[in-house]
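Single-structure report; data block below.
Nothing in this text is a laboratory measurement; each read-out follows from the coordinates by a stated rule. From a predicted model like this one, the values you see are computed outputs, not experimental measurements. Don't worry about glycine lacking a Cβ; one is built from the backbone with ideal geometry, like all the others, and counts go over all protein chains shown.
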Amino acid sequence: MVRAVYERISREFQFSFLLTDVRNSVEKSGLLKLQKQLLSGIWTKKANISDLHEGAMIIRRLLGDKRVLLILDDVHHPSHLKYLAGNQEWFGSGSRVLITTRNEHLLIEHGVERRLKVEELNHDDSLQLFSWKAFKRVYPEEDFLDLSEYVIDYAKGLPLALEVLGSFLYGRDLREWNSALTKLGRVSNLEIFDILKVSYDGLDDEEKKI
């Protein structure tokens, strides 16, 4: 979902950065690596920064007068914002920093004033929305009911996730559903559009033709 936003508005800025799945990336490789990833898009030198404070200082120095779009997806800890987004002085006039997180208090603590909470659908509404996209009817076909319930649980009530998954699975048979949803479960921490690409790429050639 964040990638769709990024692709739609990134051309309006001098520099655009999308850091997805920040929480998992930090757990696996550390916050310093994310700073280096960000700097690699703006710094001609190899980002041989030694610590987070140095990285923060360089980011601010290089982007302080630039119109920047920075999207941080699945932020989990105050340090993620402190060392990747800093404050308004880090970026030039007209810049935008978009943050997704499950912890609203983290945004309040960082002084983020404009916050949007994505409302989740209940089970029945989720099933109905998904069914309209996947079957063009109000309730799933009987043979697909268990698999539909799996999708409902996976999407966690997020309308866009339900719509995208339903549209992706529309017209496919049980074998294709099982193949796609098996792969979906393996990469549950990736954003939804990347998940769908993995699922589609994993289908065999005959499945892709349908």
Span per principal axis, largest first, for the Cα atoms of the range 1-159 (Å): 59, 32, 30
Spherically averaged projected area in nm², based on the convex hull that wraps the Cα atoms of the range 73-168: 7.9
Scattering curve values for the range 8-80, log₁₀ I(q)/I(0), Debye with Cα scatterers, q = 0.17 Å⁻¹: -0.66
Residues in the range 63-78 that a label on residue 88 would reach, taking backbone N under 20 Å of a point 7 Å out along Cα→Cβ: 63-72
Per-residue HN-Hα couplings for the range 90-105 [Karplus 6.51, -1.76, 1.60; θ = phi - 60°; Hz; x = Gly/Pro]: 6, 10, x, 4, x, 6, 9, 10, 10, 10, 10, 7, 8, 10, 5, 4
Filtered trypsin sites (Lys or Arg not before Pro), the range 63-155: DSSP coil and at most 13 other beta carbons within 10 Å: 102, 114, 115, 117, 136, 137
Rough spin-label spacing in nm, given labels placed 7 Å along Cα→Cβ, for residue 24 and residue 3: 1.2
Where chymotrypsin sites (Phe, Trp or Tyr not before Pro) fall in DSSP loop in the range 99-188, at most 16 other Cβ within 10 Å: 170
Where chymotrypsin sites (Phe, Trp or Tyr not before Pro) fall in DSSP loop in the range 4-96, at most 15 other Cβ within 10 Å: 43
